[in-house]
Every structure is written in C-alpha cells, then in structure tokens.
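Readers should treat all values here as calculations from the given coordinates under stated rules, not as data from a laboratory. Note that this is a predicted model, so its numbers are computed, not measured. Quick reminder, even Gly has a Cβ in these numbers, built from the backbone with ideal geometry, and neighbours come from all protein chains shown.
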Amino acid sequence: MKLPRTALLLILLAGGASHAQTVHKCTVDGKVTYTEQPCQAGTAAVIAVPEAPQPNPNAAADLKRMQKEASTLERERHKREAADDRAQQQAARAAQARHKQCAKLKLEKKWADDEVRGALVQNLDRAKTRAQRAADKLALECPG
C-alpha cells in the first residue's frame, strides 16, 4: 500500500497507535513513496515511528483554566472598548462645541467688519475698535 507523504503524516499524527510501527521509504525512478511493507526494488530506507505519547492527565484542567482566562480577557477587552467609545464620543462632542463657538465668533467678526464699512465718520473709531476686539477674540479662540 503506497501513501502520499501528507496522508502518511496525517495518519501518523492522528493515529495514536499503541505500539511502534515501521515505515519504509522507497525511491523508485526518482519518486519517493512511503509504505508499511518492505520496498520491492530501488533504494529503501526504514523509518521507525516512535510510540505515541501518553495523554496528559492534566489536559482537561489546563483547558478549563485557559478557557476561564480567555473569558476574563475578553470581558476586559469589552470594557476597554466601551471606555474608548465613550472617550471618543466625548471628544467628538467637545470638538463640535468648539466648532460652534468658532462659527459664532466668525459671524460676530463679520458683523463688526460690516459695521465699520457702514459707519459714519463720528462712529468709525468705535466700529473699528469693536471690529478689532472681535478679531482678537476670534484669533484667541480659533487660531488659524
């Protein structure tokens, strides 16, 4: 019986045989095959397959411990994600409030500039002062 290399490895790994087996590696016409029977012709090598290790008696307890740890880590991750979401929402609200304040100051500056353009000579100095104060306030709150 000839098996492809990957099939043989799968059988060896999944097999769990209780005793060691011998596997023969046969090379015929440059092709390598693995069999349980001795090779008929060509170059042959014998590969001894070691016994399967005994099952770990602590495996079930280890698995349960790892599952509990994974569950704890997942809960902590969910808490961190929720906190991050809250922080992002708070930052977005703060940015929106700042944007609104800047828009208000820009509008006040525009009105003050309009007042300067429409002011009579006697009110011109007062309108210029108001426009300058609005510009200063805008620059202070909303640089750039």
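Things worth noting here:
- With the highest mean first, a sort of the peptides 109-118, 66-75 on other beta-carbon atoms found within 10 angstrom per residue produces 109-118, 66-75.
- Two-decimal log10 I(q)/I(0) for region 59-141, as the Debye equation yields it once each C-alpha is a single scatterer, q = 0.12, 0.19, 0.24 Å⁻¹: -0.59, -0.85, -1.02
- Residues of type lysines that LYS100 reaches as a straight line, Cα spacing below 24 Å, ignoring anything fewer than 8 places off in the same chain: LYS109, LYS110, LYS137
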